[in-house]
Structure formats: C-alpha cells, structure tokens
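The values are calculated or read from the model by the stated rules, or taken from the named source; none is laboratory data. All figures in this text were calculated on a predicted structure; none of them were measured in a lab. Cβ placement follows ideal geometry from the backbone for every residue including glycine, while neighbour counts extend to all protein chains displayed. All accessible areas refer to the heavy atoms of the entire protein, side chains included, with ligands and DNA or RNA removed. Shrake-Rupley method; radii C 1.70, N 1.55, O 1.52, S 1.80 Å.
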Amino acid sequence: MSRLKNDTFLRALLRQPTEYTPVWLMRQAGRYLPEYCETRKRAGSFLQLCKSPAMACEVTLQPLARYDLDAAILFSDILTVPDAMGLGLYFAEGEGPRFERPLKDEWEIRNLSAPDPHAELQYVMDAVSEIRRALDGSVPLIGFSGSPWTLACYMVEGGSSSDYRKVKSLAYNRPDLMHHILDVTAQAVVKYLNAQIEAGAQAVMVFDSWGGVLSEAAYREFSLRYLEQVVSGLIRERDGQRVPSIVFTKGGGLWLESIAAIGSDAVGLDWTMDIGRARQLVGDKVALQGNLDPNVLFAPPETVAAETRRVLDSFGNHPGHVFNLGHGISQFSPPDNVTVLVDTVHEHSRKLRAQG
Ligand code: CP3
C-alpha cells in the first residue's frame, strides 16, 4: 500500500533508482521561518508546541507549503524521551534545553526505566497520526529519536555542554553505571521508534549528535554498540512497505565504514567529508544522506546553487543519495536561499540522470 504520490525519498534510502535526488533538511520546521515563530508564540513555548498534536502538525507542514521537499519530519524534540523518564525538561530563555533532575546519584540511575510510549509519550504518537492524515499521501513522514549516547549526554550533563566533563567522567569512572543508562535508554528508543512506526512514521532517523566527541574506542563502546542495538530492534516492515532507517553520527566521518555495518539502510553525513569519497568507502552497503554545510545558506544564491551542485556532482549519478544539510539549518538562514537549494537539487540531479 504505497499510495504515496512521491516516494522518491523512500526509494533513495533503499538505493533504488529515482528520477531525481530527493531532498529534505534537518530542522526544516523551525525559527528561520516567520510562520513557525508565529505558531510558537501562539503555543506559548516550544514544549507546549511539541505537546499539542494540532500545532505540531501545523508546523510540520509549514516548510512543505513553501518548498518542494520530498519528505516531512515529525515536529518534536529528541529530549521528549528523557522528559518522559522523569527528568523534567525545560527551556531556559536563550540557554537551550535543561533538565530539572539530571542523573547524579547511583540510585537515580538504577531507578531509570524505559517509558511506555503510549503513556507519557502518547502526544507524540497523536502528532504522528495527525500529520499522516494531513499529508494525505503527498510525501513520506520521518519519525526520529536521539541516540542512546546523545540522550545520555543531556541526561547526565543536565543540558548542553562544551566539554562533556560529567558524562565522560561517569563513562571512565563507572562504566557499569554508564552502560546501565545506555541500555535502558536503548530499550526506550526502540519502543519509542516502533510506536512511531505503528502510528504512521514511514522512515526513522536516529540523531547521534554527540557521538563525534568520543575517541574511537569510546565511540564503539558507548555509542555505536547501542546504535546497533536500536537498529536491530526496529520494525522493518509495516503494511507491506519497508520502513527504512537512517543513522546520523555528527563527527562520525572517520568511522563511516563501521557505522555503515550496523544494519541501518542509510547513514547521515556531516559536511566535513567529501560525499563522493564517503560513497567509495561504503560502496553498496548503505544509502547516504547529506551533506551541505548549513552555513552555505548565508552565501549569495549563486553560491548556494554552486555548492549544492558540488555535492551532487561529487556523489555522482548513482542510486542511494538523499540530499540534506550536514547538520540542522540555522535559525538565521534566509528562507529564500532554501528555495534555491531545493530547486537546484531537483534540477541538477535530473540533468545528471540525463547525462547518464
Ligand atoms: O527537523 C525538524 O524540523 C524536526 C524537529 C526537531 C527539533 N529538534 C525541533 C527543535 C528535531 C529533529 C530535533 C532534534 C534535536 N533536538 C537534536 C538532534 C539534532 C541536532 O541538532 O543535532 C538535538 C541535539 C536536540 C536538542 C535541542 N532541542 C537543542 C540543543 C535545542 C536548542 C537549540 C536551539 O536551536 O535553540 C532544542 C530546541 C529545538 N528543537 C528547537 C526546534 C525547532 C528550537 C526551539 C524554539 O523554537 O525555541
């Protein structure tokens, strides 16, 4: 039951041929769009926006109304999971996310349990079903979660961090406790993503935003191993359709081949590695998603178009590319440059196909 008017994104993730390269942008619904800021104001706060399925649906659709995007992504946040685990998420004005009760003591860690997605996180599942209804088969809907390591960083640090001192201290002093957090969180992520798939998510992405701050050995032990556990637990097919998965470790370029081996359908790339070289390294193992530097959007439109073509040319005319930025779009990006980016991806990739 495909029934999608545009399933280019899903086919590219499965490395099937497509007429052009599909594109969506991490954080495509967000503060660079004035209509987002308006809805957020009406909601009262970012968290209230996430917790209202009707408003989450509204902002999910906003970038699709402006741009010819090939996928929608659920509007939510990775930190809803630790919030549901009882840590008390809040956003201090201008300071980013914070937890009222970060993990400090051994008993708090031992008491952690994976939340039931149909209890504390039902609002996310309601948003997924509402968005699917509103999309009406136009483009696929992506569900997402943070990776166990990235969620653990926030849970132990209590918010964003510049040096990851607390979480790395725990990892090196009490690896047993660190593994306990990661194991419970991995179970939570599997349940959460599978509930999103059951509610209607047609692909899922795992954001390992802070995997790249680890040494190679620590990355394998504390991040990659749990990414693999998550990917192995995912529902692979729903209503006769494959539900592809994407794993994105920011700063993971050095470990690309190991990441490509854990069983996900696609790997997200940040902007640091040339995507053509990345393709040579992974071969036919996985599709690649990326990888324009988000700061290119601050250049004049001609440069945006040229840098976009550079990424497409470097990947070349092969199946298995989903165009994206190498990280989330900045809130200061000029919205008109996104039009240039999206249209260039479509036009230039059609040209590459025609050239053979
Ligand atoms: O891509 C999308 O459009 C879907 C929505 C989405 C948000 N956060 C909305 C959001 C997604 C996929 C995320 C993931 C997320 N959240 C990540 C992983 C991706 C990445 O960026 O590495 C991380 C690390 C978070 C945690 C988080 N949430 C931070 C650090 C912040 C503050 C940073 C900032 O830009 O202010 C948030 C808040 C947040 N999440 C906003 C949005 C649109 C801004 C909140 C606002 O409206 O004030």
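Some observations on this one:
- Residue-level accessible surface for Phe315, protein heavy atoms, 1.4 Å, Å²: 10
- Whole-number percent relative contact order across the chain, with pairs defined as alpha carbons under 8 Å at least 6 apart: 22
- Area of Asp136 that stays accessible when all protein chains are in place (1.4 Å probe, Å², to 10): 110
- Once all protein chains are placed together, Glu198 keeps about 100 Å² accessible to a 1.4 angstrom probe.
- Ranking Pro115, Leu256, Cys50 by how far each Cα lies toward the positive end of the dipole of the stretch 8-355 (charges on Cβ) leaves Leu256 at the top.
- Carbon and sulfur %, accessible surface of the chain computed with the full protein complex present, 1.4 Å: 48
- Per residue value of the accessible surface for the chain (all protein chains in place, 1.4 Å probe), Å²: 40
- The residue list Leu177, Ser76, Leu61 was ranked by how far each Cα lies along the charge dipole of the chain toward its positive end, using unit charges on Cβ atoms, and Leu61 comes out on top.
- For the stretch 226-356: relative contact order, % (alpha-carbon pairs under 8 angstrom, 6 or more apart): 21
- Shape analysis of the stretch 248-356 places it in the oblate category; the axes a ≥ b ≥ c from the Cα gyration tensor give an a/c of at least 1.5, with a/b not above b/c.
- 3J(HN,Hα) from dihedral phi, the stretch 189-198, Karplus parametrisation 6.51/-1.76/1.60, rounded to Hz, x for glycine, proline: 5, 4, 4, 5, 5, 5, 5, 5, 5, 5
- Ranking of Lys285, Lys168 by solvent-accessible surface, largest first: Lys285, Lys168 (1.4 Å probe, protein heavy atoms only, all chains present).
- Dipole size of the chain about its Cα centre, with +1 on Lys/Arg Cβ and -1 on Asp/Glu Cβ: approximately 360 debye, rounded to the nearest 20.
- Enclosed volume per residue, in Å³, of the convex hull spanned by Cα atoms of the stretch 8-355: 121
- Crossing angle, helix 148-157 versus the chain [Cα axis fit, 0-90 degrees, rounded to tens]: 50
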